[in-house]
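Peer 1: Below is a structure I'd like to ask you about.
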Amino acid sequence: MSTPTGPASGLPVRMPRPRQSGRHRRPEPVVAPEGAAALVLAVPGTPSSATRSLADEVISIARSELPGLNARIGYLDGDDAEYPTLATVLTHNAAERVARFEQAVAAGREVAEPTGPSAVVVPLLAGPDSALIRRIRQAVMDSGTQAELTDVLGPHPLLAEALHVRLSEAGLARADRARLFTVATAADGIVLATVGGEEAVQAAGITGMLLAARLAVPVMAAALDVEGSVAAIAEQLQGSGSAQLALAPYLVGPEVDPGLLDTAAKEAGCATAEPLGAYPAIGKLVLSLYATTLGITPATPQGTQGAQAH
């Protein structure tokens, strides 16, 4: 029986475990610094419930990596009501930051006046799309706030992993070469489909090389928004000996009209995998760009669970 001062005689007393030292010590949990700039996810494309669900999931992944993260979503083609525009979100965020400071001062708390950016804007884009980036940058300027704009998510090895997983989910690639099991529909040539013209194709090519190393099949990038690009790359792959092609969208999803993917797949005569969507790597890369901009950790995402090539 317990007493007010502790457990009864004879019962074990739970003592705090000593802190481990050395290389096997558990790292202290990292939380977002108080008053840190908000992470604002800039979502391109036509807003919809599916787009919002995807963006929410990406934010949820980022928050799981950095508890306490102040994260918001701004839509490039929003309507200020159901889907708030990026400029509106940035303006409201900056006003709330000032209000929180003024309330703290009025309450007699000793707090430092906010400095640095009020928000870090991360484009939900796997690769560079100059037209969309210009619009995001203009929205940041229109907000009249001190917001920093990061680069896009790729190229990055985690995106090659995500592409591999999406292809394996569609039955178009082996999930793990080390297990040596066969996939009857596995492609022997991959068309990496992106948007953003030649600049995007060149950037996608870097991730494409990483994907090719994972799959041990040729991978070539093509632009969905350049007429004939996908068909030309498909012909090039077939000419070099690839008989069974697959289309791998190097896209998160909202930035492209689904009809473009369907048309391109038909023109190339090949099956297609799903876009990257809310694969865990997307949320980790979003957080990495945010954290790197502010100089906080974690800033370098590690590999995630999923299909691995050995």
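The values are calculated or read from the model by the stated rules, or taken from the named source; none is laboratory data. Computed from a predicted structure; not experimentally measured. Methodologically, a virtual Cβ is constructed for each residue, glycine included, from the backbone with ideal geometry; neighbour enumeration extends over all protein chains shown. Heads up: the accessible areas ignore ligands, DNA and RNA and are worked out on the full protein's heavy atoms, side chains in. Shrake-Rupley method; radii C 1.70, N 1.55, O 1.52, S 1.80 Å.
Peer 1: For the structure I just gave you, tell me whether Val111 is within 19 Å of Ala291 (Cβ to Cβ) and not small (Gly, Ala, Ser).
Peer 2: no
Peer 1: Here are the criteria: (1) at pLDDT 95 or above; (2) open to solvent by 30 Å² or more (accessible area, probe 1.4 Å). Tell me which single one Val30 does not satisfy.
Peer 2: (1)
Peer 1: Sort through Gly208, Gly253 and tell me the only one that's assigned to a loop (DSSP other than H, G, I, E, B) and either at pLDDT 90 or above or open to solvent by 20 Å² or more (accessible area, probe 1.4 Å) (or both).
Peer 2: So the residue among Gly208, Gly253 that is assigned to a loop (DSSP other than H, G, I, E, B) and either at pLDDT 90 or above or open to solvent by 20 Å² or more (accessible area, probe 1.4 Å) (or both) is Gly253.
Peer 1: Could you tell me which numbered condition Gly277 fails, if it satisfies all but one of (1) assigned to a helix (DSSP H, G or I); (2) surrounded by fewer than 20 Cβ atoms within 10 Å (Cβ to Cβ)?
Peer 2: It fails just one condition, (1).
Peer 1: Then there's this: In segment 56-87, which residue that is over 20 Å from Gly144 (Cβ atoms) and among the hydroxyl-bearing types (Ser, Thr, Tyr) is farthest from the chain's Cα centre (by Cα)?
Peer 2: Residue satisfying both the conditions and the ranking: Tyr83.
Peer 1: Go through Ala246, Ala221, Ala273 for me and flag whichever is in contact with a Cys (Cβ under 8 Å, 6 or more places away or on another chain), under 19 Å from Ala162 (Cβ atoms), modelled with pLDDT of 95 or more and small (Gly, Ala, Ser).
Peer 2: None of the others qualify; the one that does is Ala246.
Peer 1: Then there is this: Go through (1) among the hydrophobic types (A, V, I, L, M, F, W, C); (2) open to solvent by 10 Å² or more (accessible area, probe 1.4 Å); (3) more than 14 Å from the chain's Cα centre (by Cα) and name the single condition Leu90 misses.
Peer 2: Every listed condition holds for Leu90 apart from (2).
Peer 1: Further question: Output the number of residues of segment 66-98 satisfying the condition of being part of a strand (DSSP E or B) and in contact with a Gly (Cβ under 6 Å, 6 or more places away or on another chain).
Peer 2: Matching residues across segment 66-98 total 1.
Peer 1: Return the only residue of Arg137, Arg174, Arg166 being at pLDDT below 95 and of a type outside the set (Ser, Thr, Tyr).
Peer 2: Answer to the check: Arg174.
Peer 1: May I ask you to list the residues in segment 100-122 that are hydroxyl-bearing (Ser, Thr, Tyr) and open to solvent by less than 100 Å² (accessible area, probe 1.4 Å)?
Peer 2: Ser118
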